[in-house]
Amino acid sequence: MLVRILTVLVLLFMLSSCTDQRSPQDRPPTAADSASKPDTELRGAIIYHYEHGLVTTEIRADSIKEFGASDSTMAYNLDVDFFDSAGQITSNLVGDSGISRETKGQITVFSNVVLLTYDSARHASSKLIGDSIITLENGQHLTIYDHVVAIRESDNLRIQTDSLVWNPIPGDSFPVKTDAFVRFTTSTGTSWDGWGMVTDRDLSIIRTGEGSGTVNISDTAGLSE
């Protein structure tokens with residue numbers, strides 16, 4: 001009898017010791033696991049955002065992951081078009097990855113960020129390049145950070161600075177602003193420096209602060225060392 005009891009106890013011990021030997025892949029997902037997994041994942045996706053029945057944003061990406069609990073949508077290798085109230089594309093934004101927060105109407109894009117703006121004839125008028133950018137989903141208000149380069153497409157004038165804000169306000173002719181150090185470089189290599197700058201969305205009229213003044217130019221002939 002004693003031997004039988006000991007045999008049963010040994011078997012029970014062996015079973016209990018094997019219970020937790022499963023690999024994590026064999027176990028049901030825990031709350032911690034599900035917190036890091038998306039609610040929805042789309043590949044090769046296109047997403048449209050609307051305002052009053054009109055498309056304001058078209059987001060194309062290789063992969064989009066939605067996390068509902070944190071109001072976050074992650075996108076990878078994304079390409080975003082922004083539209084005005086007439087349905088015309090006003091700008092295009094590309095980057096390696098991004099986060100969209102729908103309740104805030106905000107998109108943050110990281111790495112190899114390029115923003116192209118267009119005039120009414122759908123011609124590229126300016127290009128903004130930086131390490132990261134935060135923009136509202138209608139593309140009308142944005143801040144671009146780190147190693148910022150703004151390029152005027154008509155004559156390849158380059159404007160380098162650390163940060164740039166684009167905040168169109170009715171009646172404001174100069175929505176593009178920075179308080180940081182600015183360096184202008186023409187296509188011929190001539191450079192001109194200043195502190196602070198305001199300009200229009202096409203970068204055609206430029207006003208700078210310390211060390212400069214007002215530059216009203218249709219080409220870069222007026223820039224000098």
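Read the figures in this text as sums done on the coordinates, not as results from a lab. In this text the structure is predicted, and so the values were computed from the model without any measurement. Positions of Cβ are backbone-derived with ideal geometry, glycine not excepted, and every protein chain shown enters the neighbour counts.
Each Lys or Arg adds one and each Asp or Glu takes one away; over the other residues whose Cβ falls under 9 Å from the Cβ of L78, this sums to -2. Rounded to whole Å, give me the distance from the Cα center of region 141-197 to that of region 40-85. Answer, in whole Å: 28. In sequence order, region 93-101 has phi-based couplings of 10, 10, x, 6, 7, x, 10, 10, 10 Hz under the Karplus curve 6.51 cos²θ - 1.76 cosθ + 1.60, θ = phi - 60°, and Gly or Pro positions carry x. The lysines whose alpha-carbon is closer than 23 Å to the alpha-carbon of K65, local same-chain residues fewer than 8 away aside, are K37, K104. In this simple spin-label approximation, L42 and R60 carry label points 7 Å from Cα along the Cα→Cβ vector, and these lie 1.4 nm apart.
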